[in-house]
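The structure appears below as structure tokens.
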């Protein structure tokens, strides 16, 4: 499991974990156990930047938190969001969409998606109460990676031989389910009802995106995983903020 943790950190973040681990299906399968907690770690880093700079300005604190999320992940997820936006909104057939998503160049929809992603997170984080922002940033990041792990376990690949095909493995369920239970219990202790509603919304969104991806390209790809991570993170942040005003 230590190898799986190291591989998970190397895959989901750009933290300097310079330990060589075999990039094989067995280790990748086990990494799903750590996805929620690596997500929380990414959130802790972003929340730390927010907390430190909140003593100076809420604007600076918010943009630093967003930048920390992007830099810590090496832009992996936001790149997936960009490629998915270019492909899904191209109004092309399946084969052409997959070709567009694989293209390293960024199109108009990709640029728009990146800008809206960063702007949305900045505005939402700035609107949070400082005493709650730290917890919400951490949990939002954890929720988003939990949903990605769920896609690994229950999704099907749209492209044979691609990254998505390598990552998707039904055997991941035996690692994903206990990890998710632990993550939910920890999160309930922190946010209780607010977390439950937010988690439920993220789950519904993930299932909806999975269904839409099946319709567009016949399955899932690594880019769709990244897009789902970013969109669930945005959704979770907004949900925590809105729900807190109601309950």
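Of the residues making up segment 88-110, those that are surrounded by fewer than 17 Cβ atoms within 10 Å (Cβ to Cβ) and part of a helix (DSSP H, G or I) number 6. All told, residue 178 falls short of being out of contact with any helix residue (DSSP H, G or I) (no Cβ under 7 Å at 6 or more places or on another chain), surrounded by fewer than 23 Cβ atoms within 10 Å (Cβ to Cβ), more than 15 Å from residue 37 (Cβ to Cβ) and touching a residue at least 12 places away in the same chain (Cβ under 8 Å).
Would you confirm whether or not segment 216-233 contains a residue that is free of Cβ contacts under 8 Å to residues at least 40 places away in the same chain and assigned to a helix (DSSP H, G or I)? No; the residues of segment 216-233 include none that is free of Cβ contacts under 8 Å to residues at least 40 places away in the same chain and assigned to a helix (DSSP H, G or I). Number of residues in segment 111-157 that are buried (at least 16 other Cβ atoms within 10 Å of the Cβ) and not in a helix (DSSP H, G or I): the value is 3. No other residue among 79, 22 is part of a helix (DSSP H, G or I), in contact with a helix residue (DSSP H, G or I) (Cβ under 8 Å, 6 or more places away or on another chain) and surrounded by fewer than 23 Cβ atoms within 10 Å (Cβ to Cβ) apart from 79.
Computed from the coordinates by the stated procedures, all read-outs in this text should not be read as laboratory data. The shown structure was predicted, so the numbers you read here are calculated from the model rather than taken from an experiment. Cβ sites come from the backbone with ideal geometry, for glycine too, and all protein chains shown count toward neighbours.
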